[in-house]
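Below is one structure; the comments refer to it alone.
The values are calculated or read from the model by the stated rules, or taken from the named source; none is laboratory data. Please read these numbers as outputs of a predicted model, since none were measured by experiment. When we count neighbours, we look across all protein chains shown, and the Cβ atoms used for this are built from the backbone with ideal geometry, even at glycine. In case anyone asks, the SASA skips ligands and DNA or RNA and just uses the protein heavy atoms, side chains included. Shrake-Rupley method; radii C 1.70, N 1.55, O 1.52, S 1.80 Å.
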Amino acid sequence: NALEAALPAAPKESKVIKVKFPPIERGQQIVLRTQKITKTYGKKLVVPPTTSSMERGERIAVTGVNGAGKTTLLKLITGQVDATGGAVDVASSVTLGYYSQEQEQLDPIATVFEEGRSASSP
């Protein structure tokens, strides 16, 4: 077949990366709740009083124009920024993570594999 002749030969040895995640215990139905959480910087209200909840298995998109407070809201939820008012409750079985859009946590000379390995437990 002419098509097979044009394709490069398959490598003789394949390298496989195996990723294993530990089993997760089943937690509460409500995994995250914000109760009238707010954030101001000086007199500027960045996050107006926000009340919401997230259930296990649910996915949520945070959308809005630049400067609307999306990143601040996520930092409030993850505890990177203190709220001016209100509260964030995270279920005890939940581990929060945050990957910044500026990527300041990444090592600029590390490979993707090295960054993944450094972020995982042994």
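Given the pairs 44/75; 43/75; 18/75, which are separated by over 23 angstrom at their Cα positions?
Exceeds cut-off: 18/75.
Probe radius 1.4 Å, ligands and nucleic acids ignored: give me the carbon and sulfur share of the accessible area of segment 27-122 as a rounded percent.
53
Points 7 angstrom from Cα along the Cβ direction at residue 105 and residue 26: gap in nanometres?
Taking the two extended label points, one gets 3.0 nm.
Roughly how many debye, to the nearest 20, is the charge dipole of segment 30-80 about its Cα centre, given +1 on each Lys and Arg Cβ, -1 on each Asp and Glu Cβ, and no other charges?
Values: 9 positive and 2 negative charges, 41 e Å.
It works out to roughly 200 debye.
Name the residues whose placed amide hydrogens come within less than 5 Å of the amide hydrogen of residue 53, ignoring near sequence neighbours (fewer than 5 apart) on the same chain.
The list, which skips near neighbours in sequence, is 34.
Mind listing which chymotrypsin sites (Phe, Trp or Tyr not before Pro) in segment 15-104 are in a DSSP loop and have 14 or fewer other Cβ atoms within 10 Å?
The qualifying sites are 98, 99.
Can you pull the one-decimal nm distance between simple spin-label points at residue 41 and residue 18, each 7 Å off the Cα toward Cβ?
For the pair residue 41/residue 18, the computed spacing is 4.8 nm.
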